[in-house]
Amino acid sequence: MRAVYPGSFDPVTAGHLDIIERAARIFDHLVVTVFNNPGKEPLFSVEERVAMLREVTSHIPNVEVDSSRGLLIPYVRKVGARVIVKGLRAMSDFDYEFRMALMNKKLDPGVETVFILTSSQYAYLSSSLIKEVASLGGCVTGLVPPAVERRLRQMWPVVE
Ligand code: PNS
């Protein structure tokens, strides 16, 4: 079965990678797709986010990285999937994810949203918190894949 894991991935974190690795063990094929969130000004371009995702998922043979714009549901149908994978951290994610899952169900009742709970060590992680800490010179080792850490350090050297 094919599934789509959509997100902003600006940038991909260790929490995202954990969800990708676990989803790739459940589904035969996982398409990880970068969508631009119109409400957020991105740090990395879509091309950079795709390149980072490809680099950090290159060890997982059944993962493909793509990008798209517009509505998720037609994209899911276009790639031949019937499942959307989302990661859930705290209860604070739930309300938004619940509403999106129900709206997507309304748009296409044949597409299911499957939630995977974060591993506890990543429950507090978010791309925005990573960007805030890195931009202020904080160390994000272990919180993002090494390839992402390198790019963040090129932008903002770590203050020792
Ligand atoms: O990583 P994010 O920012 O939580 O990802 C949000 C994303 C990209 C999954 C969401 O904004 C989305 O599905 N965008 C596609 C546009 C769409 O279908 N919007 C309606 C959802 S009900």
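Please pick out the residue among 35, 9 that is touching a residue at least 40 places away in the same chain (Cβ under 8 Å) and within 9 Å of the ligand (Cβ to nearest atom). Write out each step before concluding.
On the way: 35 fails: touching a residue at least 40 places away in the same chain (Cβ under 8 Å).
On inspection, the qualifying residue turns out to be 9.
Of all residues in region 132-154 being over 10 Å from residue 13 (Cβ atoms) and in contact (Cβ under 8 Å) with a residue 40 or more places away in the chain, which is surrounded by the most Cβ atoms within 10 Å (Cβ to Cβ)? Show your work before the answer.
Step one: list which residues in region 132-154 are over 10 Å from residue 13 (Cβ atoms), which gives 132-139, 141-142, 146-147, 149-154.
Still in the list and also in contact (Cβ under 8 Å) with a residue 40 or more places away in the chain: 142, 147, 151-152.
On the way: 142: 11, 147: 16, 151: 17, 152: 21.
Of everything passing the filter in region 132-154, 152 is surrounded by the most Cβ atoms within 10 Å (Cβ to Cβ).
Would you confirm whether any residue within region 25-33 is polar (S, T, N, Q), open to solvent by less than 10 Å² (accessible area, probe 1.4 Å) and within 18 Å of residue 86 (Cα to Cα)?
Pass one, region 25-33, residues polar (S, T, N, Q): 33.
Then drop every residue that is not open to solvent by less than 10 Å² (accessible area, probe 1.4 Å), which leaves 33.
Checking the rest, the ones that are also within 18 Å of residue 86 (Cα to Cα) come to 33.
For region 25-33, residues polar (S, T, N, Q), open to solvent by less than 10 Å² (accessible area, probe 1.4 Å) and within 18 Å of residue 86 (Cα to Cα): present.
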Taking into account only those residues within region 80-109 that are open to solvent by less than 30 Å² (accessible area, probe 1.4 Å) and in a loop (DSSP other than H, G, I, E, B), which is farthest from residue 34 (Cα to Cα)?
-> 108
Of all the residues that make up region 49-67, how many are open to solvent by 80 Å² or more (accessible area, probe 1.4 Å) and farther than 16 Å from residue 14 by Cα?
-> 1
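For the condition within 13 Å of the ligand (Cβ to nearest atom) and within 16 Å of the chain's Cα centre (by Cα), what is the one hit in 67, 58, 119?
Values: 58 fails: within 13 Å of the ligand (Cβ to nearest atom); 119 fails: within 13 Å of the ligand (Cβ to nearest atom).
Matching residue, one of 67, 58, 119: 67.
The values are calculated or read from the model by the stated rules, or taken from the named source; none is laboratory data. Quick caveat: nothing in here was measured; it's all calculated off a predicted structure. Note that we place each Cβ from the backbone using ideal geometry, even for glycine, and neighbour counts take in every protein chain shown. In case anyone asks, the SASA skips ligands and DNA or RNA and just uses the protein heavy atoms, side chains included. Shrake-Rupley method; radii C 1.70, N 1.55, O 1.52, S 1.80 Å.
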